[in-house]
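These notes are about the structure you will find just below.
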Amino acid sequence: MKMSAISKLLVAAGVLIALTACAKADVGGGTPGGSGPGGSPQPTVPVGPPLGTEFDLERGKSTVLSDSDVLVAFREVSQDSRCKPGQACVWEGDATLELTLAGSAVQVHTNKQFPVEAEAGGYKVSFVKLDVDGVVATLVVRKA
C-alpha cells in the first residue's frame, strides 16, 4: 500500500510534534545550577555565607550556604501582627516566617514568646530580624 503525499506530510507533522513535546518535557530535569538533559541551562541558586554567619534573605528567594550543601529558602510570612512604626500597641506582635531548611518546611517567629529557631536535617536556623515590610529576613544557620 502506497502513501499519498498528504499522508506522508501528516505523518511527518505528527513526528515533529512528538519530538517537540519530548524536548519540552526534558527541560528542567537536571541539577540546580548545572545543565539538564540535552545540555539545557538550569537556574542557579545563589551561594550564601558560611554557617554561623548572619545573612539577609528576601521573601521568595533561596541560598545555599558556602561551606555546606544546605539550602535555605524564605518562602513567605504567613501572618504578621507586629506593631507598625508610629502606632501605639498593647504588645509588640509577632510574624511567622515560613522557611525551608535542608529540604524541610520549618517556621520561626519574630516574637521570643514563640520559637525563634527551628531544626531540620542536622541544621538549626535562627531568626535575627525582619524588615518592616516583611520582605527581608536576617537569619543565621548553624549545625544542630
Restricting the stretch 62-93 to residues that are in contact with a Phe, Trp or Tyr (Cβ under 8 Å, 6 or more places away or on another chain) and buried (at least 16 other Cβ atoms within 10 Å of the Cβ), the residue that is farthest from Val136 (Cα to Cα): Val70
Which listed residue, of Phe114, Phe127, is assigned by TED's automatic domain parsing to the domain that holds Val70, modelled with pLDDT of 95 or more, among the aromatic types (Phe, Trp, Tyr) and exposed (fewer than 14 other Cβ atoms within 10 Å of the Cβ): Phe114
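The values are calculated or read from the model by the stated rules, or taken from the named source; none is laboratory data. All figures in this text were calculated on a predicted structure; none of them were measured in a lab. Don't worry about glycine lacking a Cβ; one is built from the backbone with ideal geometry, like all the others, and counts go over all protein chains shown.
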